Amino acid sequence: MSDTFFQPISGFELPRFAGVPTFMRLPHVPHGHERYKDVQIGLIGVPWDSGTTNRPGPRHGPRQLRDASTMLRAQHGVSGMRPFEAARCADLGDVGPNPADIMDSMERITAFYNQVMDAGIVPLTAGGDHLTSLPVLRAVARSGPVGMVHFDSHTDLFNSYFGGTMYTHGTPFRRAVEEGLLDPKRVVQIGIRGTMYDEEDRDFAKANGIRLILIEEFHARGVEDVMAEAREIAGTGPTYVSYDIDFVDPTFAPGTGTPEVGGPNSFQALQVCRELAGLNIVGADMVEVSPPFDQSGGTAFLGMSIMYEILCVMAAQV
Ligand code: MN
Ligand code: MN
């Protein structure tokens, strides 16, 4: 049953280039708002990139993603799904990080998401670099480990950087396994490729039962077959979806800090999301969109289009 308060502003009501940009033109419902308790799926910005080890910029992601999201319309072009009628969705605003302090920022992010969880809202996050997923998981998985379907060129399973720095965008899922936030046997990482420092991350995956689907296997088997296995691995339990935009080939998504060639095209980038249908999704994120490297704005538009695909799957299950 649709609630008119939670409908996005139509482009026929106010042209899509006009107005204050919220995610998908949804109402802005911050914590404390009288309708906060009615939200089912909350879109949240985490403008933070203090975990970035090379080319920075994802702190500017949420603003650019909101702007790009004004291009979207209310109905899915293939399935006919109307996500804003299936679920009450809202823009919950941004988490304010402390850009000079990683630990303080992570505490702020977890505190924000604990409020979201307390209200029974399923979060759909726009990062932020990939370290963002760790403080989000500390809230989402607070009552027990979750499974994860992870799209990325990289495993983000390294132990440390620069001789002992434990919290970077290359380490979030190692920490999440150690902290008992992820059940490694229910984790699948898809699209892994690129040159490497060493095999430390892959050794950790193997030792803990995390399934890596390298890009050669992805291309050889195709989207449907790979995603059928991903659904089997994640199973019926609570599952987090983490989507690093560098999963997509840099031809289609150049606006990111650590691009790797030979990846999926923009159509496959959407297809994998449609194949998430049936999973018990307790949260999802789109990370590593870096506007300073996104000269055309096309990476942000793809990132937001991917978020819309994921939202359609989430809205069908709430
Ligand atoms: Mn990543
Ligand atoms: Mn990556």
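General remarks:
- The stretch 202-226, residues that are away from ligand 2 (no atom under 16 Å from the Cβ) and among the small types (Gly, Ala, Ser): 207, 209, 220, 222
- One residue alone among 294, 285, 249 is without any contact (Cβ under 8 Å) to a residue 40 or more places away in the chain and buried (at least 21 other Cβ atoms within 10 Å of the Cβ), and that residue is 249.
- Listed by first and then second residue, the pairs linking a residue in the stretch 33-46 that is over 13 Å from residue 23 (Cα atoms) to a residue that is assigned to a strand (DSSP E or B), with Cβ atoms under 6 Å apart and 6 or more places separating them unless they lie on different chains, are 39/90.
- Test: residue 138 is within 16 Å of ligand 1 (Cβ to nearest atom), of a type in the set (Lys, Arg) and not in a loop (DSSP other than H, G, I, E, B): no
- The condition of being under 25 Å from residue 263 (Cα atoms) and of a type in the set (Phe, Trp, Tyr) holds for only one of 162, 158, that being 158.
- When the stretch 88-112 is filtered for residues that are part of a helix (DSSP H, G or I) and either free of Cβ contacts under 8 Å to residues at least 60 places away in the same chain or among the aliphatic types (A, V, I, L, M) (or both), the ones remaining, listed by number, are 102, 103, 104, 105, 106, 107, 108, 109, 110, 111.
- Residues of the stretch 167-180 satisfying the condition of being away from ligand 1 (no atom under 16 Å from the Cβ) and either more than 14 Å from residue 210 (Cβ to Cβ) or buried (at least 19 other Cβ atoms within 10 Å of the Cβ) (or both): 179, 180
Condition check ((1) assigned to a strand (DSSP E or B); (2) touching a residue at least 40 places away in the same chain (Cβ under 8 Å); (3) more than 15 Å from residue 241 (Cα to Cα)) across all residues:
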| residue | (1), (2), (3) |
| --- | --- |
| 117 | no, no, yes |
| 124 | yes, yes, no |
| 143 | no, no, yes |
| 147 | yes, yes, no |
| 169 | no, yes, yes |
| 186 | yes, yes, no |
| 196 | no, no, yes |
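- Of the helices (runs of 4 or more DSSP H) lying entirely inside the stretch 212-318, those containing at least 1 residues that are under 30 Å from residue 40 (Cβ atoms) and touching a Pro at 6+ places or on another chain (Cβ under 6 Å) span 298-317.
- Within the stretch 141-154, being within 13 Å of ligand 1 (Cβ to nearest atom) and closer than 12 Å to residue 282 by Cβ holds for one residue alone: 148.
- Residue in the stretch 38-59 that is within 25 Å of residue 119 (Cα to Cα) and in a helix (DSSP H, G or I) present: yes
- Every residue from the stretch 60-75 that is among the charged types (D, E, K, R) and either crowded, with 21+ Cβ neighbours inside 10 Å or assigned to a helix (DSSP H, G or I) (or both): 63, 66, 67
- Among residues of the stretch 200-227 that are among the hydroxyl-bearing types (Ser, Thr, Tyr), none has a Cβ under 7 angstrom from a residue that is modelled with pLDDT of 95 or more at a sequence gap of 6+ or on a separate chain.
Table: residues versus (1) touching an Asp or Glu at 6+ places or on another chain (Cβ under 9 Å); (2) at pLDDT below 95; (3) on the phi > 0 side of the Ramachandran plot.
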site: 19; (1), (2), (3): no, no, yes
site: 58; (1), (2), (3): yes, no, no
site: 65; (1), (2), (3): no, no, no
site: 73; (1), (2), (3): no, no, no
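- Subset of the stretch 247-261 (residues that are more than 10 Å from ligand 2 (Cβ to nearest atom) and charged (D, E, K, R)): 249
- Candidate set: the stretch 227-246, residues that are among the acidic types (Asp, Glu) and either more than 10 Å from ligand 2 (Cβ to nearest atom) or farther than 18 Å from residue 172 by Cβ (or both); chosen: the one surrounded by the most Cβ atoms within 10 Å (Cβ to Cβ): 229
The values are calculated or read from the model by the stated rules, or taken from the named source; none is laboratory data. Since the model is a prediction, treat every value here as computed from it, not as a measurement. Cβ atoms come from the backbone with ideal geometry, glycine included; neighbour counts cover every protein chain shown.
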